[in-house]
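So the structure is just underneath, and the comments pick up after that.
Nothing in this text is a laboratory measurement; each read-out follows from the coordinates by a stated rule. Owing to the predicted nature of the structure, the values given are computational and were not obtained by experimental measurement. Every residue, glycine among them, receives a Cβ derived from its backbone with ideal geometry; neighbour counts consider all protein chains shown.
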Amino acid sequence: MQPEPALKPDVESSATYGAGDFARAFAATPAQMADLEAFQARVLETNSVMNLIGPATVGAFWLRHAADSAQLLALAPEARSWADLGAGAGFPGVVLAILLKGRADAKVHLVDSQTKRCRFLSKIVTELGLPAEVHDARAESLRLKVDIVTARACAPMEKLLGFAQPYFALGAQGLFLKGEAAPHELAEARHAWRFDADLIPSLSDPRGRIVRIRRLARAR
């Protein structure tokens, strides 16, 4: 279920947006909320020894991280297979896996080149029984056939498209979570790549954009 436009917050509201707001906006089941709350606890516990999320966003987990990730599902409701590049703390990939859990053929590939982050992600996947697989590898070295390739805070768009190109070559479309510099990043990326792109306003941050990419090829 796509969040209602009223979800769009001002910056001051992010700290007051809680689990109940998320559950209502995304029609999350009690089982999904239990998994998300367990995931939140693991993120906050691990963040004290490993830099998973910025200190300024710790108190805004449900809006800045959970809702930011979950909004992607409404943009690709038929997608069952996803690849999250530079999966890091598990946003958006772990949130997507929790919300897709129990759906036939659902699979989220969590790709990260830092072994310690992969260990964290593997623990989450095992504990919560998620339909996900962790890949300790550079994103561009894999050949995974998925419906959607995604990433958040991974790299500037030109470089990110290089990471994602093998997935596009096997039929994927891209949904990338970006900030207010998204238009500039797209303009820069067009020096190296040809693609069709849409900029979609984020429901979790009025400054954010979701970049939808189709038909990626290198510029000649």
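Cut-off is 10 Å between beta-carbons; in what order do Met33, Met50 appear when sorted fewest neighbours first?
Details: Met33 17, Met50 14.
Result, fewest neighbours first: Met50, Met33.
Under unit Cβ charges (Lys, Arg +1; Asp, Glu -1), what dipole magnitude, rounded to 20 debye, does the chain have relative to its Cα centre?
Values: 27 positive and 24 negative charges, 155 e Å.
Here the size comes out at about 740 debye.
Starting from the Cα-Cα distance between Arg215 and Asp147, subtract it from 0.36 nm times their residue separation and give me the gain in nm to one decimal.
Working: separation 68, 0.36 × 68 = 24.48 nm, distance 1.31 nm.
Result for the pair: 23.2 nm of gain on full extension.
Identify which of Ile200, Ile124, Ile148 has the largest mean-square fluctuation in a Gaussian network model of the chain, with springs joining Cα atoms closer than 10 Å.
Ranking Ile200, Ile124, Ile148 by mean-square fluctuation puts Ile200 first.
By the scheme Lys and Arg +1, Asp and Glu -1, what is the net charge of all other residues having a beta-carbon under 13 Å from that of Asp198? List each step's numbers first, then the result.
Numbers: positive: Lys178, Arg209, Arg212, Arg214, Arg215; negative: Asp196.
Net charge around Asp198: +4.
Along the positive direction of the dipole of the chain (beta-carbon charges: Lys, Arg +1; Asp, Glu -1; about the Cα centre), which of Ala172, Ala70, Ser204 reaches farthest?
Ala172
In µm²/s, what is D for the chain at 37 °C and 0.692 mPa s, where D = kT/(6 pi eta Rh) by Stokes-Einstein and Rh is the Kirkwood radius from Cα pairs? Walk me through the numbers on the way to the answer.
Details: Rh = 17.4 Å.
Stokes-Einstein gives a translational diffusion coefficient of 189 µm²/s.
Under a Cβ-Cβ cut-off of 11 Å, what is the net charge of the residues other than Pro166 that fall near it, where Lys and Arg count +1 and Asp and Glu count -1? Numbers along the way, then the final one.
Numbers: positive: Arg138, Arg143, Lys145; negative: Glu140.
Every neighbour counted, the sum reads +2.
Considering only Asp205, Asp196, Asp68, give the residue with the highest GNM mean-square fluctuation for the chain, with springs between Cα atoms whenever their separation is below 10 Å.
Of Asp205, Asp196, Asp68, the most mobile in the Gaussian network model is Asp196.
Need the list of lysines near Lys116 for cross-linking: C-alpha distance under 28 angstrom, and skip anything on the same chain fewer than eight residues off.
Lys101, Lys107, Lys145, Lys159, Lys178
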